[in-house]
Amino acid sequence: MSGNRQIVCPHCGGINRVPDDRPAEAARCGKCKTPLFAGKPADVDAAMFEKQTRQSDVPVLVDVWAPWCGPCRMMAPEFEAAAKALEPEIRLIKLNSEAQPSVAGQLGIRGIPTMLLYANGREVARVSGAMQARQIVSWARGQLGSAKG
């Protein structure tokens, strides 16, 4: 007997139950019919950030950034490349700290870019500074391995 994973749609916020024996990369949202994973980070607002980090069974890697930040702009294509490597194992989302200052404040963001890794509804790791895609992938997988152990 298999169970289900709860996966939040990055487009509409719908909560989907995907059977464990079904590949998540092939799953579509029951509400808006878009693929649940596209290998591309989703830009999120406060409500979607909360849903993704609190209600999904899939770990979530958040890039906190701002449009005026040079290192953030340099890291953007690297974060996107990391999404291609990490999804559906890990959901990647982007939170614009300029557009969502209250969320950034609640998270205690002191510098950007900052990446936060969530698993089981709680923050398990964070790191600041721009990284290349391979570094992002290695860091996220390493942190999840540490969190499980």
Total Lys pairs in the chain closer than 15 Å by alpha-carbon, pairs eight or more apart in sequence or interchain only?
-> 4
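Heavy-atom accessible area per residue, the chain, 1.4 Å probe: how many Å²?
Accessible area per residue: 51 Å².
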Cα-based radius of gyration of the chain once divided by 2.2 N^0.38 Å, which approximates compact folds | 0.99
Two-decimal Rg to Rh for the stretch 36-116 - Kirkwood Rh, Cα set | 0.94
Using label points projected 7 Å from each Cα along Cα→Cβ, tell me how many nm separate residue 43 and residue 110, to one decimal.
-> 2.9 nm
With a 1.4 Å probe and every protein chain kept in, tell me what percent of the accessible surface of the stretch 31-149 is carbon plus sulfur.
-> 51 percent
Order these peptides, 52-62, 119-129, 103-113, 3-13, by their mean beta-carbon neighbour count within 10 angstrom, highest first.
-> 52-62, 3-13, 103-113, 119-129
Give the Kirkwood hydrodynamic radius (Å, one decimal) of the stretch 92-149, defined as one over the mean of 1/r across all pairs of different Cα atoms.
-> 12.3 Å
How large is the dipole of the stretch 72-122 about the Cα centre if only Lys and Arg carry +1 and Asp and Glu carry -1, each at its Cβ, rounded to the nearest 20 debye?
-> 140 debye
For helix 70-86, what angle does its Cα long axis make with the longest principal axis of the chain, in degrees from 0 to 90 and rounded to 10?
-> 20 degrees
Rounded to the nearest 10, the angle in degrees between the Cα long axis of helix 46-55 and the longest principal axis of the Cα atoms of the chain comes to 50 degrees
Given a cut-off of 13 Å, what percent of all Cα-Cα pairs of the stretch 1-69 lie beyond it?
-> 65 percent
Angle between the chain longest axis and helix 133-148 axis [Cα atoms, degrees, rounded to 10] = 60 degrees
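The values are calculated or read from the model by the stated rules, or taken from the named source; none is laboratory data. If you're wondering where the values come from, they're calculated on a predicted model, not measured in any experiment. Glycine gets a Cβ as well: all are built from the backbone with ideal geometry, and neighbour counts include every protein chain shown. Accessible surface areas use protein heavy atoms only, side chains included; no ligands, DNA or RNA. Shrake-Rupley method; radii C 1.70, N 1.55, O 1.52, S 1.80 Å.
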